[in-house]
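Sharing a structure with you now.
We did not get these values from a lab; they are worked out from the coordinates using the rules stated. Computed from a prediction, not measured in an experiment: that's the story for all the values here. Ideal geometry is used to build each Cβ from the backbone, glycine not excepted, and the neighbour counts take in all protein chains shown.
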Amino acid sequence: MDAELSPKAVEIAAYAQSLLADGGYDSFSYADISDHVGITKASIHHHFPSKAELVRVVVARYREQAREGLAALDKQIADPLAELHAYIDYWSTCIRGNVSSFCICAMLAAEMKKIPDEVAGEVHGHFEDLAAWLTSVLKKGAAKGQFSLQGSAAVEAKAFMSSVHGAMLAARGFGDPKTFDAIVHLSMKRLTSHS
């Protein structure tokens, strides 16, 4: 997708992504971006005619990057348990390093009733993508005896995704990245305990 954008548009989208992670859809304006990237608001409108289009592109890029990252995990790691650990380790590293402390789609999902339809569609798509990947990993792991699922793999995937997103929120609320690790490791323990 970045090949379709100019270098300045990529810079605008990258900064908008960080603003979305920090505060959601209503937390910034083109003036905030203009100050940071050093161009006028009119120039931003040249690249992205509306804020809705900018955020749609940001979320579409985010989805593409997430799909590529999850596909890489599938390709590089044959063990479902290790795949799930790699996924949570990615977020743990981001949160501890303050690189990306929150999934922008989780942030936007909280605003779903207020955000434009084209953005909501991309957010919904991200949740579907992630749930499908987690479902696949859990099915493979359950077949190998690594996971003890209390519900269907699809429901367990959504529960695990909710735990990860909730852990992000708790880490932010408590101002302590270790909170994320404690919560997701408890969720992992639940998945891997064999009663």
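Once you have the Kirkwood Rh of the stretch 1-116 from its Cα pairs, apply Stokes-Einstein at 37 °C and 0.692 mPa s and quote D in µm²/s. List each step's numbers first, then the result.
Working: Rh = 15.4 Å.
Calculated translational D: 213 µm²/s.
Further, regarding this structure: In terms of Cα to Cα distance under 19 Å, which aspartates and glutamates are near enough to K140, apart from those fewer than 8 places away along the same chain?
The qualifying aspartates and glutamates are D74, D79, E83, E128, D129, E156.
Any idea what angle helix 80-96 forms with the longest principal axis of the chain, computed on alpha-carbon atoms, 0 to 90 degrees, nearest 10?
It works out to around 40 degrees.
Taking Cα atoms, how many degrees apart are the long axis of helix 153-174 and the longest axis of the chain, rounded to 10 and kept between 0 and 90?
Helix 153-174 and the main axis of the chain meet at about 60 degrees.
Let me ask something additional. Report, ordered by chain and residue number, the lysines lying within cross-link reach of K114, taken as a straight Cα distance under 18 Å and ignoring same-chain residues fewer than 8 apart.
Here the lysines satisfying the reach criterion relative to K114 are K51.
Ok, one more. Report the Cα-based extents of the chain along its three principal axes, largest first, to the nearest Å.
In descending order, the Cα extents are 61, 35, 31 Å.
Roughly how tilted is helix 51-76, in degrees to the nearest 10 and between 0 and 90, from the longest Cα axis of the chain?
Once rounded, one gets 30 degrees.
If you don't mind, another one. How many nm separate the modelled label positions at H36 and A52, each set 7 Å beyond the Cα in the direction of the Cβ?
Taking the simple label geometry, H36 and A52 are separated by 2.3 nm.
What percentage of all Cα-Cα pairs in the stretch 103-195 are separated by more than 17 Å?
Numbers: 2380 of 4278 pairs.
Summing the P(r) tail past 17 Å for the stretch 103-195 gives 56 percent.
Quick one: dipole size for the stretch 21-125, taken about the Cα centre, charges +1 on Lys/Arg Cβ and -1 on Asp/Glu Cβ, in debye to the nearest 20. All intermediate terms of the calculation are to be shown ahead of the outcome.
On the way: 10 positive and 15 negative charges, 34 e Å.
Roughly 160 debye for the stretch 21-125.
Something else now. When the Cα centres of the stretch 39-75 and the stretch 129-195 are compared, how far apart do they sit, in Å?
27 Å
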